[in-house]
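A.B. asks: Okay, handing you the structure first.
The values are calculated or read from the model by the stated rules, or taken from the named source; none is laboratory data. Keep in mind the model is a prediction, meaning the values are calculated, not measured. Glycine gets a Cβ as well: all are built from the backbone with ideal geometry, and neighbour counts include every protein chain shown. Remember, those area values only see protein heavy atoms, side chains included, never the ligands or the DNA or RNA. Shrake-Rupley method; radii C 1.70, N 1.55, O 1.52, S 1.80 Å.
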Amino acid sequence: MDMANALWQHIANFLSYNNLQPLLFTHVEFWIFFLVLGLGLLFLDRRYTARVVYLFTFSLLFYYKSCGLFFLLILLSICFNYAAGLLLGKFATRRKRKAVVVVAVSLNLLLLAYFKYTLFFVTTLNDLFDTSLVYSNLFAQFLGWFVGDSSRVGLVLLPVGISFYTFQAISYVVDIYRGDIQPLRRIVDFGFYLSFFPQLIAGPIVRASEFIPQISKPNVLQQRESAHALFLILVGLFKKIILSDYLALNLVDRVFNNPLAYSGVENLMASYGYTLQIYCDFSGYTDIAIGIALLLGYRLSLNFNFPYKATSLSDFWRRWHISLSTWLRDYLYIPLGGNRHGRAVMWMSLLLTMLLGGLWHGADWTFVFWGAAHGLGLVVSKSIDRLPRPFLEHRVVIIARKVLCFHYVVFLWIFFRASSFSQALDVLEQIAWAFDISHFNQFFTGYWVVSLLLLLGYFLHWMPSQWVERLRGAFITVHWGWKFAVTLLVALLVLRVQTADLQPFIYFDF
């Protein structure tokens, strides 16, 4: 009897929300969750409707475990965007269809703006006009009143993943309006698309036109795809825990929390460290998400393509967070005019797109600066791309552009990481005025593990693409015994490096 009670208590704890223990891909609890999910799917192999309902239910559970009762927000988003899709399919006149899409997009943006930017606007107004306006999360208060216990809502100000599923919802409505896709007739299908748990929290942003056709197809998984999925998951865990988390805890966070206490060399290496950290963190999450989705029979598109190999800022944004870059291009840059109306319109479109892209990443002036500076960089990059092709293809010019592009990105990551402008300027001040090249030897001696991981991370990123494909191909084709050995080795490394202070994924904040 005691054992049964203990079992039910464990199940109840697992199903409950704890704002201090969200369900992360790097937690053992998630893989228990995924194992239970996978076992259930074995009995639903050819039952299309039951499979969709089952996965939709588990996706909502996953989101509830991530942000508590704020999962009701995604249910709200599912309902009004599903209804908007049906209305767009029903109305024939352009006037009515345009009214529906304007209302739907506005509601999506208002929902996002309320949670993401209200505090930013209130703080800015207080600073500018010396007022004392107070931000109050009315939705959280309402939920607390509704369930009779405000503690169950938690301390969430920004529900995780809201930026990602809001952009997916907007793309769904706009694509129906444009005639690119047909509206889904069953709300469970649309709910499954919007809440599919591998990419729900931090992307990639999945287009309806790419995902919806997969819902009604048989989920047949080939042996090579299973091996590829395992490869992606292992690579993602290696990037996230062994590289990103270790660099964060042992270098980046220490220096950025108090830049003036460290030398210019340490500030420079911390900037390089964060550049590698954010890539390994976000691309690692994406690798795991794509691998998990593939194991479930769904194909998600590539989200990173070795961005620090870019020869220009334009090339960087074709390689970095590809799902966001293409979303901004298709739903913001092109509607603003794009490159169809001359260079002046193109430059203004680029600047405004990247400015809003920076604000999407975070409600702070550092993100606004980061986005604006990327916009200016893209204007310069587009102008350089107009130079004669033989000049641009010269080996020395290519190398110079790669070096300059990389360091411009590193420079802007400083503002992205810093908690304020003053902190970012402190980092730059130390690099400029407290830099002593002799300190490199002290750094490599005092931070020898960090130094090795930095060298390893950048080597793996910059090594020839053919090597990467050979490594991927070798893992896919090798005997399953060797796959198990590699999996065990990565698991042991992860357990060895992992600390109790496990770092959440950076893009959870966006």
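A.B. asks: Assign unit charges at the C-beta atoms only (+1 for Lys and Arg, -1 for Asp and Glu), then state the dipole size of the chain relative to its Cα centre in Debye, rounded to the nearest 20.
C.D. replies: Here the chain has a charge dipole of around 2240 debye.
A.B. asks: Going from most exposed to least, what order do F238, F30, F304 have by accessible area with a 1.4 Å probe?
C.D. replies: Correct descending sequence by accessible area is F238, F304, F30.
A.B. asks: Continuing with this model, one more query. Quick check on the chain: helices-only [θ] at 222 nm, where DSSP H runs of length 4 and up contribute -39,500 (n - 2.57) each and the sum goes over total residues. Nearest 500, please.
C.D. replies: Here the helix-only value at 222 nm equals -22500 deg cm²/dmol.
A.B. asks: I334 to A83: extension gain in nm, 0.36 nm per residue of separation minus the Cα-Cα distance?
C.D. replies: Working: separation 251, 0.36 × 251 = 90.36 nm, distance 2.66 nm.
Separation in residues times 0.36 nm, less the Cα-Cα distance, equals 87.7 nm.
A.B. asks: Using θ = phi - 60° and the Karplus curve 6.51 cos²θ - 1.76 cosθ + 1.60, what whole-Hz ³J(HN,Hα) does each residue of region 62-72 get, with Gly and Pro shown as x?
C.D. replies: 4, 5, 4, 5, 8, 8, x, 5, 5, 5, 4
A.B. asks: Another one. Based on Cβ point charges of +1 for Lys and Arg and -1 for Asp and Glu, what charge dipole magnitude is obtained for region 181-234 about its Cα centre, in debye rounded to the nearest 20?
C.D. replies: Working: 5 positive and 3 negative charges, 26 e Å.
Rounded to the nearest 20 debye, it is 120 debye.
A.B. asks: For the chain, build the charge dipole from Cβ charges (+1 Lys, Arg; -1 Asp, Glu) around the Cα centre, then report which of V220, L110, W413 sits farthest towards its positive end.
C.D. replies: Value computed over the given set: V220.
A.B. asks: Just the accessible area for E29, please: 1.4 Å probe, Å², rounded to the nearest 10?
C.D. replies: Ignoring ligands and nucleic acids, E29 comes out at about 90 Å².
A.B. asks: Consider the candidate values [x] 64, 35, 21; [y] 40, 32, 21; [z] 35, 30, 26; state which one is semi-axes √(5λ) of the Cα gyration tensor in Å computed from the structure displayed.
C.D. replies: For semi-axes √(5λ) of the Cα gyration tensor in Å, the calculated option is [z].
A.B. asks: Quote the accessible area belonging to W31 in square angstrom, nearest 10, computed with a 1.4 Å probe and with ligands, DNA and RNA left uncounted.
C.D. replies: Approximately 80 Å² for this residue.
A.B. asks: How would T26, T445 rank on accessible area, largest to smallest, probe 1.4 Å?
C.D. replies: Highest to lowest solvent-accessible surface, that is T445, T26.
A.B. asks: Could you calculate the FRET efficiency of F391 with I32 from 1/(1 + (r/R0)^6), where r is the beta carbon distance between them and R0 is 45 Å, rounded to 0.05?
C.D. replies: After rounding to 0.05, the efficiency reads 0.20.
A.B. asks: So, one more: Please tell me the relative contact order of region 358-471 in percent, rounded to the nearest whole number, where contacts are Cα pairs under 8 Å and at least six residues apart.
C.D. replies: With pairs under 8 Å counted, the relative contact order is 23 percent.
A.B. asks: Hey, another quick one. Sorting check: for 173-180, 220-227, which peptide has the highest mean count of neighbouring beta carbons within 10 Å, and how do the rest follow? Let's see the in-between values first.
C.D. replies: Values: 173-180: 17.9, 220-227: 12.4.
Those peptides, ordered most packed to least, come out 173-180, 220-227.
A.B. asks: What list of ³J(HN,Hα) values in whole Hz, one per residue of region 245-251 in order, does the Karplus curve 6.51 cos²θ - 1.76 cosθ + 1.60 (θ = phi - 60°) give from phi, with Gly and Pro shown as x?
C.D. replies: Couplings: 5, 5, 5, 4, 6, 9, 9 Hz.
A.B. asks: For region 288-381, which trypsin sites (Lys or Arg not before Pro) are in a loop by DSSP, counting at most 15 other Cβ atoms within 10 Å?
C.D. replies: Passing sites in region 288-381 are R299, R340.
A.B. asks: On to the next question. Please give, to one decimal in nm, the separation of the simple spin-label points placed at S106 and S16, each 7 Å out from Cα toward the Cβ.
C.D. replies: Output for this residue pair reads 4.3 nm.
A.B. asks: In straight Cα distance, which lysines are under 24 Å from K240, not counting same-chain residues fewer than 8 positions off?
C.D. replies: K65, K309, K483
A.B. asks: Oh, and also: Which FRET efficiency, nearest 0.05, do A113 and T487 yield, Cβ-Cβ r, R0 35 Å?
C.D. replies: 0.20
A.B. asks: Can I ask one more? Where does each of W347, W482, W320, W462 land when they are ordered by accessible area, with a 1.4 Å probe and the largest first?
C.D. replies: Largest accessible area first, the list is W482, W462, W347, W320.
A.B. asks: Can you pull the percent of the chain's accessible area that's carbon plus sulfur, 1.4 Å probe, other chains left in place?
C.D. replies: Numbers: 16670 of 24870 Å².
Within the chain, the accessible surface is 67 percent carbon and sulfur.
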